[in-house]
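See structure below.
The values are calculated or read from the model by the stated rules, or taken from the named source; none is laboratory data. No experiment lies behind these values; they were computed from the predicted model shown. Here the Cβ positions follow ideal geometry from the backbone for every residue, glycine too, while neighbour counts run over all protein chains shown. Protein only, heavy atoms only, side chains kept; ligands, DNA and RNA dropped before computing areas. Shrake-Rupley method; radii C 1.70, N 1.55, O 1.52, S 1.80 Å.
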Amino acid sequence: MKKTALALLSLMLFAACNVNPSIGTDTREANYAKEKRFKALLYWEPHAEEAHVQFDLMSIDFFSALNVGDGFELDTTTSLSAYTYDQLKEYTVIVALNAQPSDPAGRALFEKYMENGGGWVGFHASAYNDARTGWPWYLDFLGGGVFKCNNWPPQPALARLDDRFHPVTKNLPKEFVLPASEFYQWTPEPRSNPDIKVLMSLSPKNYPIGLKDIVYGGDWPVVWTNTKYRMIYLNMGHGDQCYKDGEQNLLFVNALRWIVSRDPSGNPFDR
Ligand code: ZN
């Protein structure tokens, strides 16, 4: 091949490789915050089982690290009842780490907060409920699923995306292995509720899953949102392995960012 033809060919190849209309469509300048963008409240339960407390403390470290540079205001609490409604509504998001209010005052406050546009990112036992829980509103909020069963011991599991284009999942692989956790299955299945949008499930390829307590099948959503609320639930959150996977860590950041971005008073990331 002549030198000129070769040069032309390499130029065409270069052009072909660099034409991708899906990349870089947003031409805005980088947006450096002059003030804190939002307020987040980490809510955890110090008297929970040891593996849940392990996750909670690692979560406090994880979310505190996301706040390097003071991009937002971050507070931590072990009791929602310590707040008045006016104080609580200042928070764009509550991140519930294996915690849910059990007292009437805390429950009423949380209901009022969520019914008036509050934001919630819930992990693992924050959604645990059974016949003794006695909180119908919360059951509806979660999508109607009562705890059915779990794998034991905690172990890694293959996850698959149910929606690859949602803001929470768009930059994740279609399938990836979640670090070791205890995963809950629910009845009725949250997916059967038309208000629930499932974003990620455990893959059926995992079955049978467990060494002591074994689960052989069933629909197993692990990340979903109730479209009636500004909420997202993530089933991970048991033990000290949950922050060992970059892809799952990215999922957690995406979940927080998505809930915060839908603040009724405006998207704080656009300010
Ligand atoms: Zn657990």
Checklist outcome for this item: Quarter of the surface of the C-alpha convex hull for region 138-222, i.e. direction-averaged projected area in nm², equals 5.6 nm²
Checklist entry - Can you give the Kirkwood hydrodynamic radius of region 114-271 from its Cα pairs, in Å with one decimal? => result 16.0 Å
Checklist entry - Expressed as a rounded percentage, what relative contact order does the chain have, with Cα pairs under 8 Å and six or more residues apart? => result 19 percent
Next on the checklist: Taking the Cα centre as origin and putting +1 on Lys and Arg beta-carbons and -1 on Asp and Glu beta-carbons, what dipole magnitude results for the chain, to the nearest 20 debye?
Outcome noted: 1180 debye
Checklist entry - Using a Förster distance of 30 Å, how high is the FRET efficiency between residue 205 and residue 257, based on the Cβ-Cβ distance and rounded to 0.05? => result 0.55
Checklist entry - Taking Cα atoms, how many degrees apart are the long axis of helix 3-18 and the longest axis of the chain, rounded to 10 and kept between 0 and 90? => result 20 degrees
Next on the checklist: Counting heavy atoms of the protein chains only and a 1.4 Å probe, report the per residue accessible area for the chain as a whole number of Å².
Outcome noted: 51 Å²
Item to check | Taking N as its residue count, the alpha carbon Rg of the chain over 2.2 N^0.38 Å | outcome: 1.15
Checklist entry - Considering the chain as a Gaussian network with a 10 Å cut-off on Cα pairs, which listed residue, 145, 69, 122, attains the greatest mean-square fluctuation? => result 69
Item to check | Size-normalised alpha-carbon gyration radius of region 63-123, reference 2.2 N^0.38 Å | outcome: 1.13
Checklist outcome for this item: When the chain is treated as a Gaussian network with springs between alpha carbons less than 10 Å apart, the largest mean-square fluctuation among 178, 199, 66 is found at 66
Item to check | Antiparallel DSSP beta bridges within region 28-156, percent to nearest 5 | outcome: 0 percent
Checklist outcome for this item: So, over other residues within a Cβ distance under 13 Å of residue 205, counting Lys, Arg +1 and Asp, Glu -1, the net charge is +1
Checklist outcome for this item: Here region 199-206 yields Karplus 3J(HN,Hα) values (6.51, -1.76, 1.60; θ = phi - 60°; whole Hz; Gly and Pro given as x) of 9, 7, 9, 6, 6, x, 4, 6
Item to check | Share antiparallel - DSSP beta bridges, the chain, percent rounded to 5 | outcome: 50 percent
Next on the checklist: I want to check the label-to-label distance for residue 133 and residue 34. Put each point 7 Å from Cα in the C-beta direction and report it in nm to one decimal.
Outcome noted: 4.5 nm
Item to check | Cross-link reach list, lysines versus residue 228, counting only Cα pairs under 17 Å and skipping chain neighbours closer than eight places | outcome: 112, 197
Next on the checklist: Rounding to the nearest 10 and keeping the result within 0 to 90°, find how far the Cα-based axis of helix 246-261 lies from the longest principal axis of the chain.
Outcome noted: 70 degrees
Checklist entry - What angle, in degrees between 0 and 90 and rounded to the nearest 10, separates the Cα long axis of helix 104-115 from the longest principal axis of the Cα atoms of the chain? => result 30 degrees
